[in-house]
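One structure is given below, encoded as structure tokens.
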Amino acid sequence: MIKTDNCLLCTEPRCTEACGQLDPGRVLRSLYFDNEHVVRNTLPETLPCLDCDGRCEKVCPENVQIRRILTSVGKENAAPVQIDESVLRTDFCGIPLENPFLLSSSCVSSTYDMCARAFEAGWAGAAFKTVCLMEIKEASPRYSSLKGGDQRVIGFKNIEQLSDHALIDNLEIFRKLKNDYPNKFLLVSIMGRDAEEWAYLAEKMDNSGADALELNFSCPNMTVEHTGSDVGQIPELVEEYCRVVRQHTKLPFIAKLTPNVAHIEDSAEAAIRGSADGVAAINTIKSLIEVDINPNDGIYRASIGGYSGKAVKPISLRFTAELAQDPKLKGAHISSMGGIETWRDALEFIVLGADTVQITTAVMLYGYRIIEDLKSGMALYLMEHGFTSIKQIEGTTIEGIVPTEDLDRSYVIYPRFLRNKCAGCGRCYISCLDAGHQAIVFKDRKPVMDPQKCVGCHLCIQVCPRGAIESSGVKIQK
């Protein structure tokens with residue numbers, strides 16, 4: 001993966017305005033979102049960067065070495081492929097979709113204008129922010145984040161609740177969206193406080209413009225008891241409310257499940273018993289948002305909210321796999337979310353069994369424009385691997401999930417040290433010394449591995465800040 005230094009991913013990038021021949025801002029964004037293979041496929045064979053005066057770099061506010069990055073991409077030997085996005089066509093409970101990418105129900109899909117701009121950008125559809133009959137009052141501020149050493153957000157925290165628009169206003173938005181964008185998919189999320197409210201909302205959604213419904217059994221931020229994730233943790237309530245909704249709407253619907261359970265299959269099976277057409281997972285993970293360590297009044301406080309972003313992806317992948325493996329859910333639609341930023345992230349969910357993917361946090365951080373790299377990256381991957389439809393890869397990995405007890409423990413795969421990249425910082429040495437197997441000797445500011453002690457845990461690979469250690473890929477029998 002080619003690093004883009006400290007590129008800010010500018011809106012209307014000055015580097016592109018200055019260049020006049022290429023779109024360096026777009027290239028840097030694609031590289032940032034792990035889309036190098038699309039960049040290689042689209043760059044001209046001879047780059048003008050080699051002979052220019054560096055106008056793009058002169059206007060860059062962060063002094064990014066744009067020409068070095070572009071020229072490091074290089075070109076593939078094969079002729080460029082014309083990307084055909086028709087391979088992305090799929091469906092949602094039988095409703096055709098141009099691609100599997102949907103906005104998830106949240107602040108990124110809460111008005112007509114926002115959904116319209118997302119549709120124009122290329123999103124196949126949107127799950128509109130949850131409609132309810134409650135009076136919603138939000139706190140300020142309501143967002144926080146966990147950042148990595150490069151200041152990239154890896155975990156996002158929020159106490160956002162549901163749509164604060166009146167039901168009648170939301171209904172008008174749905175009708176207008178469907179009238180103006182008849183080929184886009186509108187998934188409307190709803191939440192009631194009791195069976196009567198679930199029934200009322202379900203009836204109102206018929207003939208509203210909604211193509212399908214998503215029942216919110218999962219929001220961890222609700223100020224009203226017995227709503228959101230409180231319901232999703234009780235399979236009996238999930239089944240009851242699904243059955244009520246089925247009795248009051250002709251639309252297909254799915255149940256959005258909470259990850260704050262030991263076995264997500266229990267609530268998923270309950271939803272299907274209640275006549276849901278599928279499930280969505282996961283909503284944000286209940287967590288503490290901030291802990292005030294310097295209170296003015298001596299009282300240490302923290303608030304509970306939801307945690308999302310890149311950091312939750314492994315957890316969400318596990319839940320998707322568990323849902324896809326459950327024989328009682330066979331044929332049910334699975335819409336997955338949780339930590340998706342790039343096409344590779346989305347691909348992991350789809351090969352595990354997801355039919356569609358939903359995204360919020362990445363849009364909050366980078367905007368609707370990420371759809372360009374999601375679509376082009378996924379489409380080119382499918383074409384390069386000989387697939388003609390994204391449906392051909394759905395669930396293909398599910399048989400390859402290996403339980404911990406079945407792992408082959410008869411061999412070791414040693415790390416490989418790349419001397420030309422090594423900075424001599426000793427991070428690998430100190431981590432192996434204090435948390436590994438003391439298998440690295442630090443001599444003349446260079447790490448040297450002792451194969452007699454190395455167990456192939458690959459901790460050194462994870463901590464190297466330069467990417468100067470990689471897997472050898474060779475299995476050595478113990």
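Readers should treat all values here as calculations from the given coordinates under stated rules, not as data from a laboratory. Here the structure is a predicted model, which is why all the values come from computation and not from measurement. Note: ideal-geometry Cβ built from the backbone for every residue, glycine included; neighbour counts use all protein chains shown.
Summary of computed values
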{"item": "Acute angle (nearest 10 degrees) that the helix 112-121 long axis makes with the longest principal axis of the chain, alpha-carbon atoms", "result": "40"}
{"item": "The range 330-339 - phi-based ³J(HN,Hα) in whole Hz, Karplus 6.51/-1.76/1.60, Gly and Pro as x", "result": "4, x, 7, 6, 10, 10, 9, 7, x, x"}
{"item": "Spatial separation of Cα centroids for the range 3-75 and the range 401-478, in angstrom", "result": "34"}
{"item": "Antiparallel DSSP beta bridges within the chain, as percent of all bridges there, nearest 5", "result": "50"}
{"item": "In sequence order, calculated HN-Hα J values of the range 442-452 (Karplus, 6.51, -1.76, 1.60; Hz; x Gly/Pro)", "result": "9, 10, 6, 6, 10, x, 10, 8, 9, x, 6"}
{"item": "Among 41-49, 222-230, 257-265, 419-427, the order from most to least packed when residues are scored by Cβ within 10 Å on average", "result": "257-265, 222-230, 41-49, 419-427"}
{"item": "Solvent-free Debye scattering, log10 I(q)/I(0), computed from the Cα coordinates of the chain at q = 0.07, 0.08, 0.09 Å⁻¹", "result": "-0.43, -0.56, -0.71"}
{"item": "Candidate aspartates and glutamates for bridging to K250, where Cα separation is under 16 Å - those fewer than 8 sequence places away on the same chain excluded", "result": "E203, D206, D211, E214, D277"}
{"item": "At q = 0.16, 0.32 Å⁻¹, base-10 log of I(q)/I(0) for the range 211-256 (Debye sum, equal scatterers on each alpha carbon)", "result": "-0.42, -1.14"}
{"item": "Phi-based couplings in Hz for the range 465-478 (Karplus 6.51, -1.76, 1.60; Gly and Pro marked x)", "result": "x, 9, x, 8, 10, 9, 6, 6, x, 9, 8, 9, 5, 6"}
{"item": "Whole-number D in µm²/s for the range 12-73 (Stokes-Einstein; Kirkwood sum over Cα pairs; 4 °C, 1.567 mPa s)", "result": "111"}
{"item": "Rounded to 10°, Cα long-axis angle of helix 343-352 versus longest principal axis of the chain", "result": "60"}
{"item": "Principal axis dimensions, largest first and in whole angstrom, of the range 408-477 by Cα", "result": "34, 22, 18"}
{"item": "Loop trypsin sites (Lys or Arg not before Pro), the range 213-268, which have at most 14 other Cβ atoms in a 10 Å radius of their Cβ (DSSP)", "result": "K250"}
{"item": "Where N is the number of residues in the range 253-383, Cα Rg divided by 2.2 N^0.38 Å", "result": "1.23"}
{"item": "Whole-percent pair-distance distribution, where bins are 5 Å wide, for the alpha carbons of the range 159-202", "result": "5, 17, 23, 24, 18, 9, 3"}
